[in-house]
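The structure appears below as structure tokens.
The values are calculated or read from the model by the stated rules, or taken from the named source; none is laboratory data. What you see is a predicted model, and the numbers here were worked out from it, not measured in a lab. Cβ atoms come from the backbone with ideal geometry, glycine included; neighbour counts cover every protein chain shown. These area figures cover heavy atoms from the full protein model, side chains too; ligands, DNA and RNA do not enter into them. Shrake-Rupley method; radii C 1.70, N 1.55, O 1.52, S 1.80 Å.
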Amino acid sequence: MVQIEESKVAAIGDVLNSRERPLKERFRALFTLRNIGGERALESIGRCFTDDSALLKHELAYCLGQMQDSRAIPLLTKVLADTTQEPMVRHEAAEALGAIGDSSVEEILQQYATDPVVEVAETCEIALERVRWLKQTATPGTVAAKDCNPYASVDPTPPTTGGHSVDDLRRILMDETDTLYNRYRAMFALRNLQTKDATLALACGLKDKSALFRHEVAFVLGQLQEECSVPFLVENLRDPLENEMVRHECAEALGAIATEECTRVLTEYLKDDKRVVKESCEVALDMCEYENSPEFQYADGLVKLGH
């Protein structure tokens, strides 16, 4: 947690909650609050769930999960239960509850594991498995740390262990008869290999039948930032029949990879019919600028976009 004066935290929170400010500035404020942590930062993030941008609200939930502060559980529970919130926001709230990992969230996750919105139900199932895994593996009396991976992110599942080959992991990844939890584990194991072969294996997942699964694959490809994944991400972004949650994640992944082609394609979709896609391209282009700049334009400690 970063130590900073409360008045400055409040000022950053005001930027986040100002609908008059450009979206990219509000995102920067959010990431700064996430890195600062603490009660005032949580309060500022919580106030923003009344916003009309699904993209921003889903990022709020993601950041709360990454902060792993149990004080956010009541707020995330309220968002998950609120059926007027967009599915991608409710999904992210469920995933954040799993990321915090407190056993107290088992009941709410179990309740919404049968939600009529399939992405929400699937997310609750995966989050529930993560909480149960933590109960089995965590040392009593300690708070679960960020998962051990090259990206220091709190992932929805731990990676598959046991020294599997890329081909083995790809088979698990693409086995639609297996649970999403196990397939996610293979996904994160492939990501952690950080090789071109592993990246191409992951890209196959962009054709899976589950929109939730496809969106997570796109997120992971954004973390890897491998140029070989660009054609696959562009194909899904360009597909007007693709779930908007997946298209948004493809746009953000392209923003993280930040090649000239990525910039060109993202610019094409700045006026997309889907607001979440259009806004994702706007924020992703800002990320392209950041990735290609010799100077840090973001607040100290800013990391790549979340879900």
**Study point:** Residues located in segment 162-178, provided they are surrounded by 14 or more Cβ atoms within 10 Å (Cβ to Cβ) and either at pLDDT below 95 or of a type in the set (Val, Ile, Thr) (or both)
**Key:** His164, Val166, Ile172
Point to revise | Test result for Val79, at pLDDT below 95 and either within 26 Å of Pro116 (Cα to Cα) or in a loop (DSSP other than H, G, I, E, B) (or both) | key: no
Check your understanding: Got at least one residue in segment 240-247 being more than 14 Å from the chain's Cα centre (by Cα), farther than 24 Å from His91 by Cα and open to solvent by 70 Å² or more (accessible area, probe 1.4 Å)?
Key -> no
**Study point:** Residue ID - nearest to Lys57 (Cα to Cα), chosen from residues in segment 4-20 that are at pLDDT 95 or above and open to solvent by 100 Å² or more (accessible area, probe 1.4 Å)
**Key:** Arg19
Point to revise | Complete set of residues in segment 31-56 that are touching an Asp or Glu at 6+ places or on another chain (Cβ under 6 Å) and free of Cβ contacts under 8 Å to residues at least 40 places away in the same chain | key: Arg40
Check your understanding: Are any residues in segment 57-87 of a type in the set (D, E, K, R) and crowded, with 24+ Cβ neighbours inside 10 Å, and if so, which ones?
Key -> Glu59
Point to revise | Contacts under 9 angstrom Cβ, first residue in segment 256-272 being within 19 Å of Leu224 (Cβ to Cβ), partner of a type in the set (Lys, Arg) and open to solvent by 20 Å² or more (accessible area, probe 1.4 Å), 6 or more apart | key: Ala256/Lys304; Val265/Arg238
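Kindly indicate the residue of segment 100-123 that is assigned to a helix (DSSP H, G or I), touching a residue at least 40 places away in the same chain (Cβ under 8 Å) and not β-branched (Val, Ile, Thr) and also nearest to Asn243 (Cα to Cα) among those meeting that condition. Full working, then the answer.
So the first thing to find is which residues in segment 100-123 are assigned to a helix (DSSP H, G or I), and the list is 100, 103-112, 118-123.
Of the ones still in play, those that are also touching a residue at least 40 places away in the same chain (Cβ under 8 Å) are 118-120, 122-123.
Narrowing further to those that are not β-branched (Val, Ile, Thr): 119, 122.
Values: Glu119: 11, Glu122: 15 Å.
Here the answer is Glu119.
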Exercise for review: Go through Arg90, Arg28, Arg40 for me and flag whichever is open to solvent by 30 Å² or more (accessible area, probe 1.4 Å), of a type outside the set (Gly, Ala, Ser), assigned to a helix (DSSP H, G or I) and farther than 27 Å from Glu289 by Cβ.
Suggested key: Arg40
Point to revise | Residue check for Leu23: closer than 15 Å to Glu6 by Cβ and at pLDDT 95 or above | key: no
Practice item. Please specify each residue of segment 224-235 satisfying the condition of being surrounded by fewer than 23 Cβ atoms within 10 Å (Cβ to Cβ) and not aromatic (Phe, Trp, Tyr). Key: Gln225, Glu226, Glu227, Cys228, Val230, Pro231, Val234, Glu235
